[in-house]
Amino acid sequence: MNPKNEEFARLREQCLSCRDCGLCETRTNVVFGVGVDDAEVLFIGEGPGENEDLRGEPFVGRGGQLLDKMLAAIDLDRNKNIYIANIVKCRPPKNRDPLPEEQEQCIKWLRQQFVILRPKIVVCLGRIAAAKIIKPDIKIMKEHGTFFVKNGIYMMPVLHPAALLRNPNNKPAAFEDFLRLQEKIKEICDHTY
Ligand code: URA
């Protein structure tokens, strides 16, 4: 096991027994994250839905299938070269937005994932993740596809896959953002993607 691998395993173990907010009462599984531990690109969603809660893995429902397709089109794959995590690790009941206090309690896990990974690029999937990670007043429809630089890390908000399923007219614009992401990866990442 490489050192990052061990650190991730330890962090996952701690996270799986977390009871720091009310979401632990209704969860089936903690959804810690998925991907490779030398990923240079980190994707962040808002929180698990029903399928994710049942499987214990992020983005495994219909939205996740769309995400995987868009990733594959730019040579990204959760099993090969990226990491995917959420702001909150447990499913909010009835898929409501995670409350600010739940986000505040849970963000410590993501912070530690960040410290272990040290990603070069962060992609925020949807408004909630972008508001928490990039800036609170993000205008997702206006600012998706824009790179922001924070502490030397490139951060891009993109439209949430579930929003694209609800409104397929936005798929071409969302795909343009992924192409822009691909260009940035080629420019600054070490891996050959
Ligand atoms: N939506 C999210 O934001 N995250 C998931 O893991 C699944 C759906």
Study note, to complete from the structure: So the helices (runs of 4 or more DSSP H) completely within the range 1-92 holding 2 or more residues that are crowded, with 17+ Cβ neighbours inside 10 Å and of a type in the set (Gly, Ala, Ser) are 62-73
Study note, to complete from the structure: Conditions (1) modelled with pLDDT of 95 or more; (2) over 14 Å from the mean Cα position of the chain (by Cα); (3) hydrophobic (A, V, I, L, M, F, W, C) -> residue 1 fails only (1)
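State yes or no: is residue 94 more than 20 Å from residue 164 (Cβ to Cβ), more than 15 Å from the chain's Cα centre (by Cα) and without any contact (Cβ under 8 Å) to a residue 24 or more places away in the chain? Steps first, please.
Working: more than 20 Å from residue 164 (Cβ to Cβ): yes; more than 15 Å from the chain's Cα centre (by Cα): yes; without any contact (Cβ under 8 Å) to a residue 24 or more places away in the chain: yes.
Against the criterion (more than 20 Å from residue 164 (Cβ to Cβ), more than 15 Å from the chain's Cα centre (by Cα) and without any contact (Cβ under 8 Å) to a residue 24 or more places away in the chain), residue 94 qualifies.
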Study note, to complete from the structure: If we ask which residues in the range 33-56 are near the ligand (Cβ under 8 Å from one of its atoms) and either over 17 Å from residue 128 (Cβ atoms) or in contact with a helix residue (DSSP H, G or I) (Cβ under 7 Å, 6 or more places away or on another chain) (or both), their number turns out to be 4
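The values are calculated or read from the model by the stated rules, or taken from the named source; none is laboratory data. What you see is a predicted model, and the numbers here were worked out from it, not measured in a lab. FYI the Cβ positions are ideal-geometry reconstructions off the backbone, even for glycines, and counts take in every protein chain you see.
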